[in-house]
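The values are calculated or read from the model by the stated rules, or taken from the named source; none is laboratory data. Only a predicted model underlies this, so the values are computations on that prediction, with no experimental measurement involved. Virtual Cβ from ideal backbone geometry, glycine too; neighbours counted across all protein chains shown.
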Amino acid sequence: MKGKSFSSVGSAFWIDVPPDPTDPASRPTQIYVSEAALTCDEISHPLWDKVSGVKQLLEITLDGSSTKTYTVLKNADASYLAGASSSHNPSATGGTVTILQVSSAKSIQGSFDIKFSSGTLKGSFDAQLCPTGVEP
């Protein structure tokens, strides 16, 4: 993305997001894929994305956690952060996220092929549940 390669995953987490108060049946799934080797404790504090330094971060939000393919701008969203010191933070313009396996209260495995105005990110993840994790 924007001349930077996202070649390795240092950590991937799935956080438990509370339902939207206006739609109690909804329960979005949030997955964070980072080049930085983060811990669950580190992502359990507000503004945790600032500890990643110059490492890249991909934030994925899905309308559920079923094993299927989600489409960006339909039932999925994604944002990219080039590093804590960067102002480059685009939202996805298209693509897909596929959930291959869900181990309840443990992990979610899947892949992504997400398009941004400045490039495409493709890869896979094995996101461990971080029950205390918060949105940055």
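Here is how the numbers come out for the structure above:
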read-out	value
Every residue from the stretch 48-66 that is surrounded by fewer than 13 Cβ atoms within 10 Å (Cβ to Cβ) and at pLDDT 85 or above	Ser66
Any hit, the stretch 21-33, residues being at pLDDT 90 or above, among the polar types (S, T, N, Q) and either within 25 Å of Thr93 (Cβ to Cβ) or surrounded by 11 or more Cβ atoms within 10 Å (Cβ to Cβ) (or both)	yes
Filtered residues of the stretch 74-114 (kept if hydrophobic (A, V, I, L, M, F, W, C) and either within 14 Å of the chain's Cα centre (by Cα) or at pLDDT 95 or above (or both))	Ala76, Ala78, Leu81, Ala82, Ala92, Val97, Ile99, Leu100, Ile108, Phe112, Ile114
